[in-house]
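So the structure is just underneath, and the comments pick up after that.
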Amino acid sequence: MFENLTNSFSTTLRKIVGHRRLTEENIKNTLTQVRSALLEADVALPVVRTFIDNVKVRALNHIVNHNFTPGQEFIKIVKKELILAMGEKNYTLDLKTTPPAVILIAGQQGAGKTTSVGKLGKFLHDKYHKKILAVSIDIYRPAAIKQLEILTEQVSIDFYPSYQNQEPVKIAKDALHCARIKFYDILLVDTAGRLHSNNLMMRELNEVCLAIAPIETLLVVDAMTGQDAAKIAKEFNAALPLTGIILTKVDSDARGGAALSIRHMTGKPIKFIGTGEKIDTIEPFYPDRIASRILGMGDMLSLIEEIENKIDHKTVKKLSHSFKKNHTFNLNDFLEQLKQLRNMGGMVNLIDKIPGMLSLPDTVKSQLNDQSMQRMEAIIHSMTHMERDHPEVIKGSRKRRIALGSGLSVQDVNQFLKQFHDMQAMMKKVKHGGATYMIRKIQEMMPSNFYKH
């Protein structure tokens, strides 16, 4: 989402880093380019004006720290203003209430409300071990209720049944009563998509809010709508007691304007961002981490948390024990590591959070992609169990069979095996390391001329 903005900022700020001192002239020239970058990213004009004015005042009045160059000090100021624009800190959900805590999810149709309910339910269930009940009061969209029922089954939270011939307020009240008598910690309420200009639908939503008194009313906003997302949020905020925003489709080609505009336009914080289509791709919104990503500094804290939350620790422990005992690393072990990487969102997701990766040449970044991993898995899956355990037996006829089974060429299989042997030799020097070590080394498995079909 932030790649274009990051590239623009990197090019612009690289110029001022070379200056020996900050002057009104070089600050003005740099901010002109920063302004263009923000506007191209579809950041709302009032936000751009405030941001530029604040950076200019801070830069001109700033006392340079002798440990940094003037250019580095300027980047620190820009980062601080980015953080301020997005809300300064992570705002967690307010669950300090007599259970059940009611969380109502609202937004326009197509923004991803129902999916966000499922993702949020999984996040709260897995991370905080909450007992959760979810209900849909969307009686207007065909299959909306069934969609939520399927999602709740996938994420192991409970579903309160509702029907299209019922009234939304009654459904919400009945679900709350059920949540109380069955001692649920949280009730998630999925609402129908609506336009802020639809007075009848907005009135219905207000009646639901009055009936169940949600402690959190979250608006789901599509990041691909750019600065329009901020306008939508502003209109909803005027009609509802919003407590925060869930920004979806952050992994898309959106230009970043929504993330930088919403807080300024509504005064409400972004609490979560949806980072993919999978049910576990939701994460708390940290303005400081997003600012680091925009400035090309990566987001190692989120990466570390993702590794901790999403790797299969039992598999890693088993692999580590086996490796220390047998001092071998075979293709079955490597396949398990590829699965661990997929669980963490794949290489594309990881690259976005590693400092400096976005500045790599496109020819290098193209090698570090999920398609490469899929081709590796296809080659391994085309092998017999014996071949995976003993790759050294794979010779001419076996290579041809594996190439045919994976839909690749014998040359591709040869290159993969060569890279694997190099990895195997490296792993012999390591007593342990598991998935985190593999992440640092996995790019070595992707040669410059491999998997470019």
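Every number in this text was worked out from the coordinates using simple rules, so none of it is lab data. All figures in this text were calculated on a predicted structure; none of them were measured in a lab. All Cβ positions, even for glycine, are placed from backbone atoms using ideal geometry, and neighbour counts span all protein chains on display.
Using the alpha carbons alone, the radius of gyration of segment 101-298 stands to its Kirkwood radius in an Rg to Rh ratio of 0.96.
Taking every alpha-carbon pair under 8 Å whose residues sit at least 6 apart, segment 101-298 reaches a relative contact order of 24 percent. For segment 119-236, the orientation-averaged shadow of the C-alpha convex hull comes to 7.9 nm² (one quarter of the hull surface). For segment 71-132, what log10 I(q)/I(0) values come out of the Debye formula at q = 0.21, 0.22 1/Å, with one point per alpha carbon and no solvent? The computed values of log10 I(q)/I(0) come out as -0.94, -0.97.
The loop-placed GluC sites (Glu not before Pro) in segment 208-298, going by DSSP, that have at most 12 neighbouring Cβ atoms within 10 Å of their Cβ come out as Glu277. Sorting 178-186, 225-233, 33-41, 396-404 by their mean Cβ neighbour count within 10 Å, with the most densely packed peptide first, gives 225-233, 33-41, 178-186, 396-404. Using all pairs of distinct alpha-carbon atoms, the Kirkwood hydrodynamic radius of segment 175-275 works out to 14.5 angstrom.
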